[in-house]
Each structure stands twice: as C-alpha cells, then as structure tokens.
Amino acid sequence: MGIKSMWSTNALSLALLIGANLAASFAGEALWMLIGIAALLLMLYFCFRQGMGIGHGACGISGTIESARNAGEKVYAQLDGKYLSQAWSRRNALKGLLLSALIPYAAGGVYIILNLLWHAGVIPELPVIIARVAAWLLSLPFWPIIMHWHADFVTVTPAIAAMLLISPFVLPTATALGYLQGPRLWARTEDAMKQGRRRAKARARVGKKLAPRQQKPEI
C-alpha cells in the first residue's frame, strides 16, 4: 500500500499504453492519434483511481499503527519497519512519483545528450540509435499528442525534448494525486462506519421496545 504499489501501478499502466500504441500504429496516423490519446486519458483516470485505493489502504495502516502506539510500547514494537513504511504520508507520494518516472526520464535524458554529442561529431551513431529506440518506446504513449507536427523521432526538436523530459511524470502524477486523496476517503469510511453503528444501536433499541411482552402465568 505504499511506494511499491504506486510504482507497480505506473509500470503496468505504461506497459499497457505502449502495447496499445504499438498495435494502433498499424492503423494509420489519424486513427493512431485518436486511439492513443483516448487510451492515455483512460489510463490517467485508471492511475488516479488506483492511487486513491492505495492511499485509502495506507491510511488504514496509519490507523492500525496509531492504535498500536496507543496500546503501549510493547504492542507498537511488534510492528516491523516494512509495515511502518507503508503508512500514509506525502513523502511516500513524492517518492512513488519520482521512482516511477526515473527510468523513462533517464532514457529520454540520455538520448538527448547522445544526440547532441553525435551531431557535434563526438560519438558514433550506434549508441544514439540504441538510446533512440529506448526513449521512443518509453515515450510512445505520448507520441500521438505531437506526431501531427513531427514526421520522425530522429531530430530532437524542442517539442520532442519537452515530451521526453515531461512525459515520465504524467502517469505517476495522476497516481500520486489519487494517493493524496487517502485521508479524505478514510475519513468518509470512518464516518460511514460510525453512522452504521449508530443505526444498528437504534434498530436494537426499537426492537427491544417492540418485542412482545410475555404474560406471567396466573397462579
């Protein structure tokens, strides 16, 4: 319910989008743009909802930790560090965002640097081609947004450079924003549970009042 869950959600979302765009790329540019942008929007919503679930679960862990702390040092000491690290915190949201963006961001940054060195005649083209394939693949879900204005991925224009350096944070940001909704969702859950207990007590009291009285046998 912490950083690992957010990373898994973002990695799965990126992989699904890459697969969807690879399949849509055979349908022609116009259809690819339509499918790619629609898939990206749906995946952003999916990441946000998954982040909400992760944040809600993390708040539950925080509640358990607080109860253990109130129960005494002996009970609290039974919780291991791994469990404690899954408690809800804004720091975990930021860590999950940065960790999820690390590999795509590094791939894009390396490609930009190698491309500049290649154009300057410092390095051969082979490392650039390898870096280009990796960067293109990891940024593929965002290619439909700018592909209408770019015929290829070879020339690193400002728009392509911006896409390579910004796109790694898009899906993780949606997940992190969902995660930050955790306290609000947990408060709503707690309120619903309290109302449920009050209704149950009220029904029990009404049941007692309406229960038929047993007549005492006449002597």
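Here are some notes:
- Selected from P158, G121, G178, residue furthest toward positive end of dipole (the stretch 3-184; charges at beta carbon): G178
- Per-residue HN-Hα couplings for the stretch 173-181 [Karplus 6.51, -1.76, 1.60; θ = phi - 60°; Hz; x = Gly/Pro]: 5, 4, 5, 5, 5, x, 4, 5, 7
- The distance from the alpha carbon centre of the stretch 57-80 to that of the stretch 99-170 is 45 Å, rounded to a whole number.
- Mean residue ellipticity, 222 nm, helices only, the chain: the sum of -39500 (n - 2.57) across DSSP H runs of n ≥ 4, divided by residue count and rounded to 500, is -26000 deg cm²/dmol.
- Highest-first packing order for the peptide set 167-178, 128-139, 46-57 is 167-178, 46-57, 128-139, based on the mean count of other beta carbon atoms within 10 Å.
- Converting phi to 3J(HN,Hα) with the Karplus coefficients 6.51, -1.76 and 1.60 and the offset θ = phi - 60°, the stretch 135-150 yields 5, 4, 5, 6, 9, 4, x, 9, 4, x, 5, 10, 5, 5, 9, 9 Hz in sequence order, with x at every glycine or proline.
- Efficiency of FRET between S67 and L41 - r from beta-carbon atoms, R0 45 angstrom, step 0.05: 0.65
- Pairwise alpha-carbon distances in the chain exceed 26 Å for 55% of all pairs.
The numbers here are math on the coordinates, done by the rules we state, and not lab data. Predicted, not measured: the structure shown is a model, and the values here were computed from it. All Cβ positions, even for glycine, are placed from backbone atoms using ideal geometry, and neighbour counts span all protein chains on display.
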